[in-house]
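Undergrad: Can you keep this structure in mind? I'll have questions shortly.
FYI, it's all coordinate maths here, none of it is from the lab. Note that the coordinates shown come from a computational prediction; the quantities given were computed from them, not determined experimentally. Ideal geometry is used to build each Cβ from the backbone, glycine not excepted, and the neighbour counts take in all protein chains shown.
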Amino acid sequence: MHESHHSGQLAGDTTYLVAWRDDEPLGSGVVQWGGCIGPSAREAFPRAVEINHLQVRDEYRSQGVGTALIAAAEQLIGRKGMPQAAVGVAHDNPHAERLYLGLGYRRTGITDVSEYSWVSDDGTVQQANERDQVLVKDLLQGPDRHCE
Ligand SMILES: CC(C)(COP(=O)(O)OP(=O)(O)OC[C@H]1O[C@@H](n2cnc3c(N)ncnc32)[C@H](O)[C@@H]1OP(=O)(O)O)[C@@H](O)C(=O)NCCC(=O)NCCS
């Protein structure tokens, strides 16, 4: 998975964010510059940049790492002058949904099915489908917002 995120960044399609404490990686997330992956979200929010693959290692959860990763992603998106961030949250993930809602994301009523692949521990590529509700957040609140 990390190799795939890294190669996405090398190709210029994504920015792969990793949160560190000293030399220990705590969690990661991906900024998907091509926009929303799901077709319905893409149509409804054509200028939104998707943040996905947010994951914090079990032992470091509820310490603000996820919040810091989302804030870093939003800062990058705002600096590029893009107006919205979007996230897809599985219907059976109320914890992540609460976190996003608390950070200013709003429900859109859109559900997309996203297909993704990952490499399991035995080295084989696995495919999965996930039904995600789409949440968005408006990032640009004024003309100076991204002029840093
Ligand atoms: C969802 C996930 C990324 C959140 O990461 P996290 O590092 O635990 O997130 P945070 O610590 O920033 O916030 C989690 C909670 O801890 C609270 N918190 C943050 N800093 C805190 C601190 N210093 N002390 C106590 N609580 C704190 C937050 O308010 C939040 O509370 P809430 O759940 O009631 O909203 C993590 O649980 C995870 O990896 N889950 C599995 C993968 C996943 O579901 N990814 C999301 C896909 S959409």
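Undergrad: Take each uninterrupted DSSP H stretch in the chain, measure its Cα extent along the helix axis, and return the ones at 18 Å or beyond whose mean Kyte-Doolittle hydropathy is at least -0.5.
TA: Flagged H segments are 65-79.
Undergrad: Determine the dipole magnitude for the chain: charges of +1 sit on the beta-carbon of Lys and Arg, -1 on that of Asp and Glu, nothing else is charged, the reference point is the Cα centre, and the result goes in debye to the nearest 20.
TA: Dipole of the chain, to the nearest 20 debye: 680 debye.
Undergrad: Sticking with this one: I want the local charge near Val56. Using Cβ-Cβ distances under 15 Å, sum +1 for each Lys or Arg and -1 for each Asp or Glu among the other residues.
TA: +1
Undergrad: How much length is gained on full extension from Lys80 to Ala11, taking 0.36 nm per residue of separation minus their Cα-Cα distance?
TA: 23.1 nm
Undergrad: Among the trypsin sites (Lys or Arg not before Pro) within region 78-110, which fall in a DSSP loop and have no more than 16 other Cβ atoms within 10 Å of their own Cβ?
TA: In loop regions of region 78-110 (DSSP not H, G, I, E or B), the sparsely surrounded trypsin sites (Lys or Arg not before Pro) are Lys80.
Undergrad: Then there is this: Helix-derived [θ] at 222 nm for the chain: sum -39500 (n - 2.57) over DSSP H runs of at least 4, divide by residue count, nearest 500?
TA: -7500 deg cm²/dmol
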